[in-house]
Amino acid sequence: MSDMQLAATPFHRLNLLAQDFTQSASMVKQRCYFKGLLMFKFLPIASKPSRQNSAVIFLWRGAITALLLLLSGCSHNPGFIQVDQQYQSANRNDRVRFVVIHYTAGNWQQSLAVLTKPGKRPVSSHYLIPGSGDPTYPADRPLKVYQLVPEQQRAWHAGDSRWEDRTGLNDHSIGIELVNESWCEKQPNQLQQQAELCVAADFDPAQLQLLLALLKDILARNTDISPTRVLGHSDIVPLRKQDPGSRFPWQWLAANGVGAWYDAAVMQKYWQQVPALPEIKTVQRALQLYGYGIAITGEHDAQSRAYLLAFQRHFVPEQLTGEPDLKTIAVLWALLEKYFPKALQQESSLQLLTPSAAVAITPAWFTQI
């Protein structure tokens, strides 16, 4: 019988595996203490296995070695610690609680360089999504999602941030950057309070479809990310950031099952029936209850304008004033009624309507507001 024929016989394969079993067990036994593990010794058959069978035998060798390591107690190995996992606590939650969406303010090539290379102020994100028609994106490559940082690691995208009771959201969030050339800058001579010039670019539909699929996947795996925890960078850093900007389609995203949006009829109820605009400290408390990190000062100060502007970018993009006007108030209270109804009922200062206030019938013209 030739070497190739001999290598193909079941007995020969078994003999080789037995040799490996004995050799591996002896090696492991030098490091670990075995209890009740029987060792057998087989006489070898001098033969040379074929290249085809070597791959199979190699896999079996690895499997046997791994099995031996698992079966062994390793109780006398000073480098090994036995961990018993039979008791599990129910008192826990996921580390990831938020998703933060950004725009890059640059093209694909610029964005990739900024997010992956070291620098004086290094930044990163978990995901980067390009857009169609970008001349710097490889023409022979399909549009797809790029992961730059594993989700279990901390990306540097949120900065000095706050939402709900959490600060430093890099520790608690997944960051997604969308390649988009929108940008904003402050008026350098301070000719007007809070003056800034913003140039907004539309988001690519194909890019948004990739984002939607990614977000649904992330939310399916991280159940602590509620609708009000799908955020923009400006929501968590309103004094410094404007992204993803007023042209990001938050309403479309919510209509597709991701993120928060208000009910138009409830918003109309507040718009029609609020007898007077609430005091600024009440507006500050309402923003705080929704999740914004605003301080309650009772003053319509710079931070109040910045937080109101961030709220408007997200929910009232056609009205970027930074002022607590009637529609902004109606939208804010409609969101609280939808997502935080118990908290809204428990705070008397937030009761803008009488208990008998009913939802009015929405006229056709109102849907355009």
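Is there a residue being buried (at least 20 other Cβ atoms within 10 Å of the Cβ) and of a type in the set (Asp, Glu) anywhere in region 176-184? Don't jump to the end; show me each part of the working.
Within region 176-184, the first condition is being buried (at least 20 other Cβ atoms within 10 Å of the Cβ), and the residues that meet it are 176-180, 182.
Adding the requirement that they be of a type in the set (Asp, Glu) leaves 177.
Yes: one or more hits.
For region 157-166, the candidate set comprises residues that are at pLDDT 95 or above and over 19 Å from Leu219 (Cβ atoms); within that set, the residue that is surrounded by the most Cβ atoms within 10 Å (Cβ to Cβ) is Ser161.
Got a number for residues in region 157-181 being in a loop (DSSP other than H, G, I, E, B), among the charged types (D, E, K, R) and out of contact with any Lys or Arg (no Cβ under 9 Å at 6 or more places or on another chain)? Before you say what the answer is, go through the steps one by one.
Filtering region 157-181 down to residues in a loop (DSSP other than H, G, I, E, B) leaves 157-161, 164-165, 168, 172, 179-181.
Add one more test, that the residue is among the charged types (D, E, K, R), and what stays is 160, 164-165, 181.
Going one step further and asking which of them are out of contact with any Lys or Arg (no Cβ under 9 Å at 6 or more places or on another chain), we end up with 165, 181.
Summing the residues that are in a loop (DSSP other than H, G, I, E, B), among the charged types (D, E, K, R) and out of contact with any Lys or Arg (no Cβ under 9 Å at 6 or more places or on another chain) in region 157-181 gives 2.
Cβ separations smaller than 9 Å between residues 6+ apart or across chains give the following pairs from region 331-350 residues that are under 18 Å from Lys281 (Cα atoms) to residues that are modelled with pLDDT under 95 and outside any helix (DSSP H, G or I): Trp333/Val274; Trp333/Leu352; Trp333/Leu353; Leu344/Gln351; Gln345/Gln351. Of the helices (runs of 4 or more DSSP H) lying entirely inside region 234-323, none contains at least 2 residues that are surrounded by 15 or more Cβ atoms within 10 Å (Cβ to Cβ) and in contact with a Lys or Arg (Cβ under 6 Å, 6 or more places away or on another chain). Can Arg121 be described as out of contact with any helix residue (DSSP H, G or I) (no Cβ under 8 Å at 6 or more places or on another chain) and either surrounded by fewer than 17 Cβ atoms within 10 Å (Cβ to Cβ) or assigned by TED's automatic domain parsing to the domain that holds Ile174 (or both)? Yes, satisfied. Please indicate, with yes or no, whether at least one residue in region 83-97 is surrounded by fewer than 17 Cβ atoms within 10 Å (Cβ to Cβ), at pLDDT 90 or above, under 30 Å from Leu169 (Cβ atoms) and hydrophobic (A, V, I, L, M, F, W, C). Scanning region 83-97 turns up no residue that is surrounded by fewer than 17 Cβ atoms within 10 Å (Cβ to Cβ), at pLDDT 90 or above, under 30 Å from Leu169 (Cβ atoms) and hydrophobic (A, V, I, L, M, F, W, C). Go through region 246-282 and count every residue that is within 21 Å of Pro227 (Cα to Cα) and touching a residue at least 12 places away in the same chain (Cβ under 8 Å). So the count comes out to 20.
Residue-wise test of (1) closer than 17 Å to Gly245 by Cβ; (2) part of a loop (DSSP other than H, G, I, E, B); (3) in contact (Cβ under 8 Å) with a residue 12 or more places away in the chain; (4) over 12 Å from the mean Cα position of the chain (by Cα).
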{"site": "Leu112", "(1), (2), (3), (4)": "no, no, yes, yes"}
{"site": "Val123", "(1), (2), (3), (4)": "no, yes, yes, yes"}
{"site": "Gly133", "(1), (2), (3), (4)": "no, yes, yes, yes"}
{"site": "Thr136", "(1), (2), (3), (4)": "no, yes, yes, yes"}
{"site": "Leu143", "(1), (2), (3), (4)": "no, yes, yes, yes"}
{"site": "Pro150", "(1), (2), (3), (4)": "no, yes, yes, no"}
{"site": "Ala155", "(1), (2), (3), (4)": "no, yes, yes, no"}
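The values are calculated or read from the model by the stated rules, or taken from the named source; none is laboratory data. Keep in mind it's a predicted model, so treat the numbers as computed, not measured. No Cβ is skipped: glycine too gets one built from the backbone with ideal geometry, and neighbour counts run over all protein chains shown.
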